[in-house]
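What follows is a set of notes on a single structure, which appears directly below.
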Amino acid sequence: MLKFTLRPRNRRQDQNAAEGSMSHHSSVTLPSEDLALARPESFGMNCFTQRELECLEKLSAFCAHANRHVSNHLIIRYAIYHNFNYDKAIDAITKGYNYSYLYLEMEGELMRFFIQSMVFFPLPGLKSRKTGSEVFYFRPSRYFPTSRNNHLLLDNICYVLNDMSKSIDQCRNGVVMLVNMDGYSMKNFHNDTQMKMTRITEGQVIPTRIVDILIVNPPKFFKRLWKVVKPAFSSTYKRRIHIIKNEKLGNYLVDDYQEYLPDEFMGWRSTQEMAIDYCDKKRYEERQNVEQDLRACRMSQRWQYR
């Protein structure tokens, strides 16, 4: 049975999770502030139905009563992923809310791996044709598995999935994974890492819905590999996978999709610049969040001693 390591979160992550579980800020998006679950009127009827609000309230009450430090942002993600089914959401929260994959930051070896490998990154502006979902890029031929970097590949995809689940629309619409199979060989395949990545993309680790997986231009031997790994996938997951050629991308992506693709894959944008720009943007946003936390903490201390 595959096991994910529960690496300890850092002090800031634990503090944010603990504070987030009792937050009373109201908003209709999820980026830096948690939504208020205690007061339904703070949401607005255009955001959630009455049934959805009741589910959110019950989930929040359960986490508070069970002393589980789960941010409202994460509660909402689990609820939307499980279509506001209370029992399924509670089961998923109980099993996975403490996974380190949910609390990653763009720093250290993850940032270095991100820039050097350019294996996973979002494609800003690109949407799927049917669901309007955002799209992220995967180039598996750039990944050469070793005992030292397998966990970084998993961290990489989890970071991207978390980042693409910050707003309510993002959570509802899900994401599309665009897989460029050019240059792929068995040197890029690692069975244990592949199965763990499948669990992630199936939603067993990260509450982000992947609505479609577009596998483009696979090599001939991929048919044999697909027969081996296919039985391990759920029927629902298999229906999301589409093995296609370049010319069929227009059936799944919006018009002029080439404008948003990297230059190594029928696009016009520099692959390296896309990866570096994304890392720079995330580092800036995370530093801004730290500064906001520090300002809020200092303001709280001033009021405390008045």
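The values are calculated or read from the model by the stated rules, or taken from the named source; none is laboratory data. Here the structure is a predicted model, which means the values were calculated and not measured. Note: ideal-geometry Cβ built from the backbone for every residue, glycine included; neighbour counts use all protein chains shown. For accessibility, only protein heavy atoms count, side chains too; no ligands or nucleic acids. Shrake-Rupley method; radii C 1.70, N 1.55, O 1.52, S 1.80 Å.
Work out the charge dipole of the range 184-231 with +1 on the Cβ of Lys and Arg and -1 on the Cβ of Asp and Glu about the Cα centre, then indicate which of Val229, Met195, Ile206 is farthest towards its positive end.
Farthest towards the positive pole: Val229.
For Leu126, what residues show an amide H to amide H distance below 5 Å, using hydrogens built from the backbone and excluding near sequence neighbours?
Val135
Which of rounded, prolate or oblate describes the range 201-270 when judged by the alpha-carbon gyration tensor and an a/c cut-off of 1.5? Walk me through the numbers before you get to the answer.
Numbers: a/c = 2.24, a/b = 1.45, b/c = 1.55.
In terms of gyration-tensor shape, oblate.
HN-Hα J couplings of the range 179-189 from phi, Karplus 6.51/-1.76/1.60, θ = phi - 60°, integer Hz, Gly and Pro as x?
9, 8, 8, 4, x, 6, 9, 5, 5, 8, 9
Whole Å is fine, so just give me how far the alpha carbon centre of the range 179-201 lies from that of the range 151-174.
About 18 Å separates the Cα centre of the range 179-201 from the one of the range 151-174.
In sequence order, what are the phi-derived ³J(HN,Hα) couplings for the range 223-239 according to the Karplus relation 6.51 cos²θ - 1.76 cosθ + 1.60 with θ = phi - 60°, rounded to whole Hz, with x for glycine and proline?
Result, rounded to whole Hz: 4, 5, 5, 5, 5, 6, 8, 4, x, 7, 8, 6, 5, 5, 5, 5, 5.
Near the amide H of Leu253, under 5 Å away, which other amide H atoms are found, from residues 5 or more places off or on another chain, if H is placed in the peptide plane?
Placed amide hydrogens put Arg129 under 5 Å from Leu253.
Carbon and sulfur: what percent of the range 110-265's accessible surface (1.4 Å probe)? Please report the intermediate quantities before stating the final value.
On the way: 3400 of 6880 Å².
About 49 percent, which is the carbon plus sulfur part of the accessible surface.
Find the centroid of the Cα atoms in the range 256-271 and in the range 223-241, then give the distance between the two in whole Å.
28
Show me the trypsin sites (Lys or Arg not before Pro) within the range 125-192 that DSSP assigns to loop and that have at most 14 other Cβ atoms within 10 Å of their Cβ. Mind showing how you got there, number by number?
Details: sites: Lys127, Arg129, Lys130, Arg142, Arg148, Lys166, Arg172, Lys187; in loops: Arg129, Lys130, Arg148, Lys166.
Those satisfying the criteria are Lys130, Arg148.
Report, by chain and number, residues whose modeled amide H sits under 5 Å from the one on Phe121, excluding near sequence neighbours (fewer than 5 apart, same chain).
Correct list: Tyr137.
When ligands, DNA and RNA are left out and all protein chains stay put, how many square angstrom of accessible area per residue does the range 167-267 have with a 1.4 Å probe? Kindly include the intermediate steps, with their values, before the conclusion.
Working: 4830 Å² over 101 residues.
So the range 167-267 comes to 48 Å² accessible per residue, rounded to a whole number.
To the nearest 10 square angstrom, what accessible area does Ser185 show with a 1.4 Å probe?
Rounded to the nearest 10, that gives 40 Å².
Tabulate in residue order the Karplus-calculated ³J(HN,Hα) for the range 48-62, using 6.51 cos²θ - 1.76 cosθ + 1.60 with θ = phi - 60°, rounded to whole Hz; enter x for Gly and Pro.
9, 7, 4, 5, 5, 4, 5, 5, 4, 4, 5, 5, 4, 5, 4
Could you order Asp169, Asp155 by accessible surface area, starting with the largest, using a probe radius of 1.4 Å? Before the final figure, lay out the partial values.
Values: Asp169 105, Asp155 10 Å².
The most accessible residue leads, giving Asp169, Asp155.
How many nm is it between the label spots at Glu247 and Asn85, if each spot is 7 Å from the Cα in line with the beta carbon?
With each label point 7 Å from Cα toward Cβ, the separation is 4.1 nm.
Could you give the size of the charge dipole of the range 56-189 about its Cα centre, using +1 on the Cβ of each K and R and -1 on the Cβ of each D and E, expressed in debye and rounded to the nearest 20? Could the numbers behind the result be given before it?
On the way: 15 positive and 11 negative charges, 64 e Å.
With Lys and Arg at +1 and Asp and Glu at -1, about 300 debye.
Taking the Cβ of Glu52 as the center, what net charge do the other residues with Cβ under 12 Å away carry, scoring Lys and Arg +1 and Asp and Glu -1? Don't skip to the answer; put the middle values down first.
Values: positive: Arg51, Lys58, Arg172; negative: Glu54, Glu57.
So the surrounding residues net to +1.
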